[in-house]
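Following: one structure in structure tokens, then a few remarks.
The values are calculated or read from the model by the stated rules, or taken from the named source; none is laboratory data. Note that this is a predicted model, so its numbers are computed, not measured. Cβ coordinates were reconstructed from backbone atoms using ideal geometry, including for glycine residues, and neighbour counts include every protein chain displayed. Ligands, DNA and RNA are excluded from the accessible area calculation, which covers all protein heavy atoms including side chains. Shrake-Rupley method; radii C 1.70, N 1.55, O 1.52, S 1.80 Å.
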Amino acid sequence: MAILKTANTKGKYYESHAKEDVIRYILNPFKARTYCGAYGVDTNNPSQSMEITSAQFGKSHGVQLRHFIVSFYPDEVNSPMTANEIAQQFVAFFANEYQVVYAIHEDKPHLHIHIVINSVSYVDGHRYYGTRAEFKSMQKYMQEVLQRYRIHRLEYISA
């Protein structure tokens, strides 16, 4: 059973430096040793790319990003390469509309994926609010991906 967490702490993700802080955290080389990636951003400065998109649409206020974490038990996924394959498929869910940065954290006995999306769409500037419908759609997609890896349950925990 994999565990899905949303890490959208009230207040913290509204701050002007939220993108930079969270992306720096997930890309920390002591945690993300091998695998990380991005879509729709300058990989040399992903937070700045997201800031530019938000500013272009006049949405540099409000919730700046969405942060999801998927954790695995050691006997479910014990290869960072497999976790990376799964992460790339998760990213595909968002990549048609949102800028995304992800990293596989290997600093704990269990591998876990951090996914950060810009809350502002690079396509038309609409926001990802994380509504019940948006969340359920994402969760369903993630469950379908996980089943391909013989992980048949994705439990949600609000962080």
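Quick notes
- Top-ranked residue of segment 77-102 - restricted to ones that are among the polar types (S, T, N, Q) and closer than 18 Å to MET50 by Cβ, ranked as most open to solvent (accessible area, probe 1.4 Å): ASN96
- Among residues of segment 109-147, those that are in contact (Cβ under 8 Å) with a residue 40 or more places away in the chain, under 14 Å from ILE3 (Cβ atoms) and not β-branched (Val, Ile, Thr), counted: 6
- Among the residues of segment 1-39, those that are touching a Gly at 6+ places or on another chain (Cβ under 9 Å) and not in a helix (DSSP H, G or I) comprise THR6, ASN8.
Conditions tested, residue by residue: (1) closer than 25 Å to ARG127 by Cβ; (2) touching an Asp or Glu at 6+ places or on another chain (Cβ under 8 Å); (3) among the polar types (S, T, N, Q); (4) modelled with pLDDT under 95.
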position	(1), (2), (3), (4)
MET1	no, yes, no, yes
ALA7	yes, no, no, yes
TYR14	yes, no, no, yes
ALA38	yes, no, no, no
SER49	yes, yes, yes, no
GLY62	yes, no, no, yes
GLU85	no, no, no, no
PHE94	yes, no, no, no
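- Within segment 87-99, the set of residues being among the aliphatic types (A, V, I, L, M) and over 12 Å from the mean Cα position of the chain (by Cα) is empty.
- Residue match in segment 39-56 (condition: on the phi > 0 side of the Ramachandran plot and not charged (D, E, K, R)): yes
- Identity of the residue in segment 59-76, in contact with a helix residue (DSSP H, G or I) (Cβ under 7 Å, 6 or more places away or on another chain) and of a type in the set (Gly, Ala, Ser), that ends up most open to solvent (accessible area, probe 1.4 Å): SER60
- Top-ranked residue in segment 9-45 [being within 13 Å of the chain's Cα centre (by Cα) and buried (at least 17 other Cβ atoms within 10 Å of the Cβ); ranked as farthest from ASN78 (Cα to Cα)]: LYS19
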